[in-house]
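As structure tokens, the structure follows; a few thoughts come after it.
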There are 2 protein chains.
Amino acid sequence: MTTTGKQLFTTLAPDGTLKVEVAETQFPDPTGNQVLVKMEAAPINPSDLALLFGPADIDNAQFSPGKLVANMPEPFNSGAKGRHGQRLPVGNEGAGTVVAAGGSEAAQALVGQRVACVPGHAFSQYAIADAAMCLPLGDTSARDGASAFVNPMTALGFVENAKMDGQKAIIHSAAASNLGQMLNRICQEDGIELVNIVRKQEQADLLKGLGAKWVVNSSADDFLPKLCEAIDATDAYYGFDPIGGGTTVDACFKAMERVAVSKMSEYNRYGSNQPKRMFIYGRLDLGPTILTPSYGFGWTLSGWLLTPFLAQAGAETVARMRKRVLDNITTTFASHYKREVTLEQMLEKDAATDYRAMKTGEKYLVTPWG
Amino acid sequence: MTTTGKQLFTTLAPDGTLKVEVAETQFPDPTGNQVLVKMEAAPINPSDLALLFGPADIDNAQFSPGKLVANMPEPFNSGAKGRHGQRLPVGNEGAGTVVAAGGSEAAQALVGQRVACVPGHAFSQYAIADAAMCLPLGDTSARDGASAFVNPMTALGFVENAKMDGQKAIIHSAAASNLGQMLNRICQEDGIELVNIVRKQEQADLLKGLGAKWVVNSSADDFLPKLCEAIDATDAYYGFDPIGGGTTVDACFKAMERVAVSKMSEYNRYGSNQPKRMFIYGRLDLGPTILTPSYGFGWTLSGWLLTPFLAQAGAETVARMRKRVLDNITTTFASHYKREVTLEQMLEKDAATDYRAMKTGEKYLVTPWG
């Protein structure tokens, strides 16, 4: 027996033609530790967009009902060789109701319950999910629980990682995002100093309204001195950047080094001994990351992804993090959406061009049953 | 009582005027663990050049006997604010004879001996050095022992660091340098695979003549596929780059990821799980480091400096490394020089423009007594 429902797929042909479409699919019966979830809501996160569209030319795509065809420019098409010809489902996370379960006790216990889940194909009317990764939502609605994994665990992951590394302060850029606001709340709760970097005055105002102590505007003329001031006051030599391309990381390293050097009693040709650490966890800007030789050799830059971090943190820490998210899903870890769309509406021009712009605070929620 | 001798100083004025000059200096009597070394030979390393000239415009400098005046362009002049107005000695390392010593037993034991030392002001007729950092050279000449610290300990440091991190293969760029040739010999002795990146065919030929198994030419059209081939064969996901600016690190990460992805059975939007690690340990190219978003998030790039590495490695490891260098100073750890210059000749136009070009295999040796 199988269940039939609509699902979204993205396919990149070797010639660079990207086809994204809604199609009827058959979902197999769940087995073992699997559950079948009737999906009610799924957020469109930046990490989903990387797979859904990548850097394809959506502005000049051909749109038809339930379908979109666009061109993937070079060098990105060659760079995505690994997915050529594969019809890939999309959607990291979402929430819905468990309608069937495999034989395991954990899976059976979830039947009939509303859960948040991480199926990897959440832009769909049904999804097969791992029971161990499902969070029972209780009275929380699917809309409120749809973003219970990616953003909450990422924001909490930053704080956990900082604590593991003995840090008491964090820099965060693109800080007015849903994730940034969450991080602001977590840091306030945990007594971690947070230096928020935004690029608009209204975003600065928003964060200050939410109690943020340190907010600097990267578009302002005094960005670097203000960033230095915040680092000087907080000792934030450790930060997370979702932009990736451009000079955000470079500016952070520069400011950290400037503060560290100002505290040195004598000149050192190699710069300060202050370790400086930045992580890139997203690619809102697909341009190259630019690092200038202006902060010595005492710095480390890494990519950061949630899954390897959770594997490194271990089961006990992850369980503690998940409980904290669930207990505070409509407060600390609440997400906000600009608009709800069906699977078909996801592929209409106005929606697609709007959500793929990934503007701060303008997240979309997919409701596959309308 | 003091000793008088000639010494080289570099001074950067706040207006960007860089003055480098030879001057008579008085050296105080050594105390405690210090020794006074009559310097006979000191190499001009890239790390010395960063302080000696930095990115100053030497081509258009004014040259007079024992003196050079050049302009430091922006943004480098502002970036070097920490040294403005300070008259700084130069020269990390060198060799000579201990002519006086402080009261400590270790210092007294060195009197009359030829030693390699790391005074930080080696471009000088005399230097005050720390006895604990002196290597007694025995029958080895000062010329042969002059480069016993920076390059040998750095090359050996790479191999030690790789072993600490569980690596069995290393990538090295600008690999035909004195340091690169040393690393080639160390890796052969220790059974570590070494992927050498050079930018000229003659450098590739040189290294192959020295028994290097993997040499790739970054100027060749097939650079990236050849680099992939070498990584595939060696599992070198770990490398050291002295160039810094440009795309060398980027090319290494790209090739590492391409090899890792080719071994994956299914597409992952986030790239491979293969950790990729690169270190920048020099700035032969002062331009920005360019990192493109084409190797997922499983990468880490750090600055690498010898002193913090030695501090981290601990006294026992450092002692073992120093013994190995001393035992093999004219073989594994031998350096070669293009030309010998006096302190005054260092500041003549033909010499200064030649050694500051830091061409591979064209290192200069300063002999302060002519």
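Every number here is computed from the coordinates shown, using simple stated rules; none is lab data. Small disclaimer: the values here were computed from a predicted structure and weren't measured. So basically every Cβ, Gly included, is an ideal-geometry build from the backbone, and we count neighbours across all protein chains shown.
For the pair A:Lys349 and B:Asp139, how long in nm is the line joining their label points, each one 7 Å along Cα→Cβ?
8.6
Just want the answer: with Cβ charges of +1 for Lys and Arg and -1 for Asp and Glu, which residue in B:Gly245, A:Gly16, B:Gly296 is farthest toward the dipole's positive end in the protein assembly as shown?
Of the candidates, B:Gly296 comes out farthest on the positive side.
Using the Cα gyration tensor of the stretch A:266-370, with a ≥ b ≥ c the square roots of its eigenvalues, what is the shape: rounded (a/c below 1.5), prolate (a/b larger than b/c) or oblate (neither)?
Values: a/c = 3.13, a/b = 1.60, b/c = 1.96.
Judged from the Cα gyration tensor, the stretch A:266-370 comes out oblate (a/c at least 1.5, b/c at or above a/b).
Could you list B:Arg324, A:Arg185 in order of exposure, starting from the residue whose Cβ has the fewest other Cβ atoms within 10 Å? List each step's numbers first, then the result.
Values: B:Arg324 17, A:Arg185 20.
Fewest-to-most ranking of B:Arg324, A:Arg185: B:Arg324, A:Arg185.
To make sure I understand, if each residue's beta carbon is the centre and we count other beta carbons within 10 Å, what order do B:Val37, A:Val259 fall in, fewest to most?
On the way: B:Val37 32, A:Val259 23.
Fewest-to-most ranking of B:Val37, A:Val259: A:Val259, B:Val37.
With each run of n ≥ 4 DSSP H residues scored as -39500 (n - 2.57), what mean residue ellipticity at 222 nm is computed for the protein assembly as shown after dividing by its residue count and rounding to the nearest 500 deg cm²/dmol? Kindly include the intermediate steps, with their values, before the conclusion.
On the way: 26 runs with 230 residues, N = 740.
Value at 222 nm, helices only, nearest 500: -8500 deg cm²/dmol.
If we hang a label 7 Å off Cα along the beta carbon direction at A:Lys338, how far is it from the matching labels on the other copies, in nm, shortest first?
Ordered by increasing distance: 5.7 nm.
Among the GluC sites (Glu not before Pro) in the stretch A:180-289, which ones are in a DSSP loop with at most 12 other Cβ atoms within 10 Å of the Cβ? Mind listing them?
Working: sites: A:Glu189, A:Glu193, A:Glu202, A:Glu229, A:Glu257, A:Glu266; in loops: A:Glu266.
Sparse-neighbourhood loop GluC sites (Glu not before Pro): A:Glu266.
Quick check on the stretch A:97-204: what does the Kirkwood estimate of hydrodynamic radius come out to from the alpha carbon pairs, in Å? Before the final figure, lay out the partial values.
Values: mean 1/r = 0.0627 Å⁻¹.
By the Kirkwood definition, the hydrodynamic radius is 16.0 Å.
Under the Kirkwood approximation for Rh and a Cα-based Rg, what ratio Rg/Rh is obtained for the protein assembly as shown? Walk me through the numbers on the way to the answer.
Values: Rg = 29.7 Å, Rh = 28.6 Å.
We get a ratio of 1.04 for the protein assembly as shown.
For the pair A:Lys263/A:Asp190, report the inter-label distance in nm, with labels modelled 7 Å from Cα in the Cβ direction.
If labels sit at A:Lys263 and A:Asp190, their model points lie 2.1 nm apart.
Could you tell me the calculated FRET efficiency between B:Lys81 and B:Arg320, based on Cβ-Cβ distance and R0 = 35 angstrom, to the nearest 0.05?
Working: r = 40 Å, r/R0 = 1.14.
The formula returns an efficiency of 0.30 here.
How far is helix B:315-327 tilted off the main Cα axis of chain B, in degrees rounded to 10, range 0 to 90?
Long axis of B:315-327 versus the principal axis of chain B: about 80 degrees.
Tally Lys/Arg at +1 and Asp/Glu at -1 over every other residue whose Cβ is under 15 Å from the Cβ of B:Lys38; what's the total?
Values: positive: B:Lys6, B:Arg114, B:Arg143; negative: B:Asp29, B:Glu40.
Neighbourhood net charge equals +1.
Give me A:Val249, B:Val261 ranked fewest to most by other Cβ atoms within 10 Å of their Cβ, as a rough exposure proxy. Please list the in-between numbers first.
Numbers: A:Val249 25, B:Val261 17.
Least to most surrounded, the residues fall as B:Val261, A:Val249.
In whole angstrom, and with the biggest value first, how far do the Cα coordinates of the stretch A:1-101 range along each principal axis?
Principal axes ranked by extent give 43, 27, 25 Å for the Cα atoms.
Going out from 0 in 5 Å bins, what whole percent of all Cα-Cα distances in the stretch A:217-290 drops into each bin?
3, 16, 24, 23, 19, 10, 4, 1, 0
How long are the three semi-axes of the equivalent ellipsoid for the stretch B:151-309, computed from the Cα gyration tensor as the root of 5 times each eigenvalue, in whole Å, largest first? Before the final figure, lay out the partial values.
Working: eigenvalues 103, 59, 53 Å².
Result for the stretch B:151-309: semi-axes of 23, 17, 16 Å.
What is the Å³ per residue value for the convex hull set by the Cα atoms of chain A?
Numbers: hull volume 53.0 nm³, N = 370.
Here the figure is 143 Å³ per residue.
By the scheme Lys and Arg +1, Asp and Glu -1, what is the net charge of all other residues having a beta-carbon under 14 Å from that of B:Gly239?
On the way: positive: B:Lys168, B:Lys254, B:Lys276, B:Arg277; negative: B:Asp165, B:Glu193, B:Asp235, B:Asp241, B:Asp250, B:Glu257.
Local charge sum for B:Gly239: -2.
Would you calculate the separation in nanometres between label points at A:Leu210 and A:Met164, each defined as 7 Å from the Cα along the Cα-to-beta-carbon direction?
Taking the simple label geometry, A:Leu210 and A:Met164 are separated by 2.5 nm.
Count charges around B:Gly16 for me, please; just the other residues with Cβ under 10 Å from its Cβ, Lys/Arg as +1, Asp/Glu as -1. Can you show the working numbers first?
On the way: positive: none; negative: B:Asp15, B:Asp57, B:Glu74.
Local net charge: -3.
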